[in-house]
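First comes the structure, then the notes that go with it.
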Amino acid sequence: GLTPAPDGLSFPPCGADDLPRVLRPSEAGGLLHHKGQVEVVSSLERDGRPVYRDLRWGVYVVIEAPNDYAAASFRQYGLLTDESGRYAAMYKPYHLIGLELNVSILSAVLRGEPTGCTTGFRGDVVATAKRDLSCGEQLDGEGGYTVWGKLMPAQDSLAMGGLPIGLAHGVTLTRPISAGQAIGWRDVQPAAPSEALRLRQHMEQQLQTQ
């Protein structure tokens, strides 16, 4: 149920000790647009200095106490909290994704046990121009020189017909695109048929008819 902010990720500089203070809603003194938001922290300050106790390789979650009992439990169990005691952070300094992912795959395939699944289409990563792009230029996808992926609410992506970053490789622009501008299906020639493209188009059609 987590959703991105309207303007996507802001990458606030934040170390492990500051998670519950920085990653709380703005109404509570933090930097988030809303509760239940997806965000990524930076391990560098805006001037390039390293963040103290950064989480470059880690994973985290910030949670809010739903009641006084939960807030008291945060304190009693030694969770890192903000000054109010209502927001707490749990984190691991390392994320062993290459090892952990295999466990998830095997659990799903061999035992039919999902280790996590979405309950709705809430966020989308849309191809965005890294520089001014010319008509006829071919996009080189994620990690390339032409586009980067911007996270946005799924309803905004569907409304603009956003081109997913995962399908922005080898497609050709039909008009110039300015640096920083999100790219849509209307801005590129039809992509070569693929199973990924078919599934994406089917998903969009299903959602737009709901």
Karplus 3J(HN,Hα) series, Hz, for the range 172-189 with 6.51 cos²θ - 1.76 cosθ + 1.60 (x for Gly, Pro): 10, 6, 9, 7, x, 10, 7, 4, x, 8, 5, 9, x, 4, 5, 8, 10, 5
Using DSSP to call loops (not H, G, I, E or B), can you name the chymotrypsin sites (Phe, Trp or Tyr not before Pro) in the range 64-94 whose Cβ has at most 13 other Cβ atoms within 10 angstrom? Tyr77, Tyr94
What are the aspartates and glutamates whose alpha-carbon lies under 19 Å from the alpha-carbon of Lys35, with same-chain residues fewer than 8 places away excluded? Asp7, Asp18, Glu27, Glu64, Asp68, Asp82, Glu83, Asp124, Asp156
If you filter the range 50-107 for GluC sites (Glu not before Pro), then keep DSSP loop positions with at most 12 other Cβ within 10 Å, what is left? Glu83
Would you mind classifying the range 35-124 by shape? Square roots of the alpha carbon gyration tensor eigenvalues, ordered a ≥ b ≥ c; an a/c under 1.5 is rounded, otherwise it is prolate if a/b is larger than b/c and oblate if not. oblate
Phi angles of the range 134-143, converted by Karplus (6.51 cos²θ - 1.76 cosθ + 1.60, θ = phi - 60°) into ³J(HN,Hα) in whole Hz with x for Gly and Pro, give 9, 4, x, 6, 9, 7, 10, x, 4, x
Note on the chain: helices (DSSP H) long enough, at least 24 Å by alpha carbon along their axis, and hydrophobic enough, mean Kyte-Doolittle at least 0.0, are none
What are the lysines whose alpha-carbon lies under 16 Å from the alpha-carbon of Lys130, with same-chain residues fewer than 8 places away excluded? Lys150
Considering the chain as a Gaussian network with a 10 Å cut-off on Cα pairs, which listed residue, Pro176, Pro12, Pro153, attains the greatest mean-square fluctuation? Pro176
The range 160-210 to the range 136-150: how many Å between their Cα centroids? 12
For P(r) over Cα pairs in 10 Å bins from 0, in percent, one of (1) 7, 24, 31, 25, 10, 2, 0; (2) 8, 32, 38, 19, 4, 0; (3) 7, 26, 28, 23, 12, 4, 0 was computed from the structure I shared and the rest are decoys. Which label? (1)
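Okay, helix-only estimate at 222 nm for the chain: each DSSP H run of n ≥ 4 adds -39500 (n - 2.57), divide by all residues, round to 500 deg cm²/dmol; what do you get? Intermediate values should be presented prior to the final figure.
Numbers: 5 runs with 49 residues, N = 210.
Value at 222 nm, helices only: -7000 deg cm²/dmol.
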Under 5 Å from the placed amide H of Ala5, counting only residues 5+ away or on other chains, we find Val38
Can you work out ³J(HN,Hα) from phi for every residue in the range 48-61, in order, using Karplus 6.51 cos²θ - 1.76 cosθ + 1.60 and θ = phi - 60°, giving whole Hz and x for Gly and Pro? x, 5, x, 6, 5, 6, 5, 10, 3, 10, x, 9, 7, 8
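Bear in mind that the values in this text are calculations on the coordinates, not laboratory data. Only a predicted model underlies this, so the values are computations on that prediction, with no experimental measurement involved. Here the Cβ is made from the backbone with ideal geometry for all residues, glycine too, and neighbour counts use every protein chain on show.
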